[in-house]
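This report concerns only the one structure given below.
We did not get these values from a lab; they are worked out from the coordinates using the rules stated. On a predicted model such as this, the values are computed, not experimentally measured, just so you know. Virtual Cβ from ideal backbone geometry, glycine too; neighbours counted across all protein chains shown.
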Amino acid sequence: MKLSRLGEFGLIERVRRTTAQGRGVNLGIGDDAAWVQTRSGSCLLTADLLIEGVHFDLKWTSLYALGHKTLAVNMSDIAAMGGTPAYLLLSLGIPATFESEDVEEFYRGIRSLALKSGVSLVGGDTSVAKSLFISACLVGDAPYRPITRGGAQVGDDIYVTGTLGDSALGLRLLKRKSPKLTQRAAKFLLSRHHFPTARVQAGATLAREKLARAMIDISDGLLQDLDHICKASRIGAVLAEETLPLSAAYRSLAGHDGTGHALAGGEDYELLFCARRRDRSRIEKLQGHLNVPITRIGTCVPARYGMTVLDRKGQRISFRARGHDHFKQR
Ligand code: ADP
Ligand code: MG
């Protein structure tokens, strides 16, 4: 079958079905990170690729920002399990035309975040390549029982950290070479695109307090990633469009796109999680401690209702795209 029909997630599902769960594997393929036993405890493992021309364009990304983002997106998957990022393996395919200073700039970006986050770079691999190719593997501690995508129940509330759509809207401005790029609002959106924040403390707190029953980080778009929770938890979801957290910059520059980028834009690296109704006030209080907004955006419903987004009048919004799939044509 052509990958354009099967899609990225269809392909991963096939690999998952044909892979035996080895000894010591608590959680294998199919979540934000694997959770495995070691002799002394357990750890989390995640890997991500960043490919020039697919994930980034060096015309509008500095190597420093790219280094920072490489680590941040991996940290985000560890955060989505409630873990603590710890050790990084980093492999690079680099065109021979690059200067050593370019590569140093990339590592400066990695180090700036690694230092703040207690992550140690412990190895990797290097090769020549036709275009820049970055492969990272991050190992995390699992001090609390990891939160999977599969624990949400009908009646649970759905929450998201931070604001949505900023990164995707920032990228759109870059691609259109928008004249607005120097405005303050545009600068904010670009910084969200180039320097995403992994919500490590929020993820760990939600795991420690056993508040999140299912959790994922939003890398491919809110709807796409919510669909992963729905499938894994065998539930449906209803979202209220007016509750989606949008930044002032997003509101001022989204124009006709409305909530499009917030629903399906991708690369937010915010946490999406489900929690019991009775924990509402505990979750509200958390916001203050964590210094990050946490917004209730919907409810879990029986699977037969699928995933719906309602507008202010309670009418269903139809969405063409849910988010990013590497192989499916849009
Ligand atoms: P995320 O967006 O959180 O990084 P992905 O959608 O990339 O998650 O991956 C979902 C799951 O599939 C993860 O458990 C990941 O490790 C696994 N996975 C992705 N690609 C492959 C592959 N080529 N072989 C085996 N497992 C894979
Ligand atoms: Mg993820």
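Here are some notes:
- Verdict on residue 135 being touching an Asp or Glu at 6+ places or on another chain (Cβ under 6 Å) and surrounded by fewer than 19 Cβ atoms within 10 Å (Cβ to Cβ): no
- Filter result (loosely packed, with under 11 Cβ neighbours inside 10 Å and under 17 Å from residue 58 (Cα atoms)) within segment 95-124: 96, 97, 99, 100, 101
- Count of segment 116-143 residues which are of a type in the set (Val, Ile, Thr) and under 19 Å from residue 93 (Cβ atoms): 3
- The sole residue among 226, 253, 272 that is more than 16 Å from ligand 2 (Cβ to nearest atom) and surrounded by 15 or more Cβ atoms within 10 Å (Cβ to Cβ) is 253.
- Among the candidates 141, 156, the residue that is of a type in the set (Asp, Glu), touching a residue at least 60 places away in the same chain (Cβ under 8 Å) and surrounded by 22 or more Cβ atoms within 10 Å (Cβ to Cβ) is uniquely 156.
- Taking (1) in contact with a Lys or Arg (Cβ under 8 Å, 6 or more places away or on another chain); (2) in contact (Cβ under 8 Å) with a residue 60 or more places away in the chain; (3) surrounded by fewer than 22 Cβ atoms within 10 Å (Cβ to Cβ) in turn, residue 147 satisfies each apart from (3).
- Of all positions in segment 233-256, none carries a residue that is within 15 Å of ligand 1 (Cβ to nearest atom) and under 17 Å from residue 80 (Cα atoms).
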